[in-house]
Structure formats: C-alpha cells, structure tokens
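Nothing in this text is a laboratory measurement; each read-out follows from the coordinates by a stated rule. Note that the coordinates shown come from a computational prediction; the quantities given were computed from them, not determined experimentally. Because the Cβ atoms are built from the backbone with ideal geometry, glycine has one as well, and the counts that use them run over all protein chains shown.
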Amino acid sequence: MLKIYTVFFITVLLICSIALGVKGQDLNSLDQKRGFKDIQIGDSIQRYTPFFKYTEKATDGYDIFSIRNENPEAIRRYAQLGYIPIQQLNLLVYKSKIQEIRIFFAIETYEDLKNILMKAYGEPNDTPCETIESEEMGKRSDCRWKGQKIDLWLSGIDVPEKQKVVVGFSDFQMVMKMRKELTAAAVKDL
C-alpha cells in the first residue's frame, strides 16, 4: 500500500514539475529585458544610430527612427523575430531617449505572434486577447501585458487599407512624463 502511495506521489510531483517547466517567463523578465532584442526602453538613441535613422516627427511629440535599410548589419539584426519577417521596426524617441518600440508584421502572423508572446510572458494580465469586428472599423484584435514598468501590447488590425500586426513595448511612466511635459508646454504656449 505504501508503494502505491509513493508511486502516486512521485507521479504527481513529475506532472507538476513538467507543468511548471513549460510555463512562460514571468512579467519580471519583461521589466528586466526592457525591450526587444538588444534595444532597451530608456536608452539613448545615439547607441542605435548606426542601425536606425530619423524619419519623421510624429504628431504626438515623438521623433520616429526606422531601420537603416542600407546597413546590412541592421537588416541582419532586426529583419526577423525568429522565423517571422519584420516589415518595419520603429523607435519612438523623446529628448534622445527611446520611449517606445513598435514592430510591424504581416496580418497573417497574428496567431503565431500571440502564441510566442504567451509562451514568453504567460497569459496577458492587463487586456485579455479580444477581437472586435464591425463594418466601419473592420476587425481588430488586441492583447496587453503589463509589468511593473514595461507595457507590451499586440494588435492585429485587419481593414482593407491597413492590414498589419503591431507589437509594442513602452515604459508607461516615461510616456506619462513626456505627455505631461508636452501638455505643460502647450498650456504655456496659449
């Protein structure tokens, strides 16, 4: 009888340890990594100018930097996420600091990206994956993970003129500080 309980106990322990072993990284790793590949939120854009170039000023106050397609090293580093090709990678910068990273993919990659992010960070803890569909707006799917400092979001936008998937990383405290500064400057400008 003791032998049966011992075998049962060991089996339960093995099943639990296997289940825990396949669980995604926790959100602490999202905060520790602070970005995508070697790009970290809060870093100076100067560190990345060999690979990214200024492309435009966004209406929300960011300077947008995009991959230097003429640099083969930039393409080698940032052209793919595993087996999934990246269509565009933007660094959103304010006062020379990277505030947000936006990565654009083909719409067909949404499910693969969702599975990769869930494997890496677990189930979304801020906004569960939901799809909203309407005639006017088309189909949009969103998920959001929120660490102590870093936000990660996944959006699939499937409308005829804009079919894309966007993965974004941002430090919401830095973004709020930037918005507060821009609002104060606009008020002063009145």
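Some notes on this structure:
- Space enclosed by the convex hull of the alpha-carbon atoms of region 27-189, per residue, Å³: 135
- Among Val93, Val166, Val175, residue whose mean-square fluctuation peaks in a GNM of the chain (springs only between Cα atoms under 10 Å): Val175
- Entry note, the chain: relative contact order of 19 percent, from Cα contacts under 8 Å with a spacing of 6+ residues.
- Summing Lys and Arg as +1 and Asp and Glu as -1 over all other residues whose Cβ lies under 15 Å from the Cβ of Leu91 gives a net charge of +3.
- For the peptides 75-85, 95-105, 126-136, residues were scored by their other Cβ atoms within 10 Å and the scores averaged per peptide; the highest-first order is 95-105, 75-85, 126-136.
- Members of Lys149/Lys188; Lys97/Lys188; Lys164/Lys188; Lys57/Lys119; Lys53/Lys162; Lys139/Lys188 lying beyond 31 Å, as alpha-carbon distances in this model show: Lys164/Lys188; Lys57/Lys119; Lys139/Lys188
- Of interest is the spacing of the C-alpha centroids, which for region 128-190 and region 71-94 amounts to 20 Å.
- Hydrophobic long helices, here whole DSSP H runs in the chain with Kyte-Doolittle means of at least 1.0 and Cα atoms spread over 20 Å or more along the helix axis, are found at 2-21.
- Dimensionless Rg ratio for region 108-190, taking C-alpha atoms and the 2.2 N^0.38 Å reference: 1.36
- Considering only Ile107, Ile41, Ile150, the Gaussian network model of the chain with Cα springs below 10 Å gives its largest mean-square fluctuation to Ile107.
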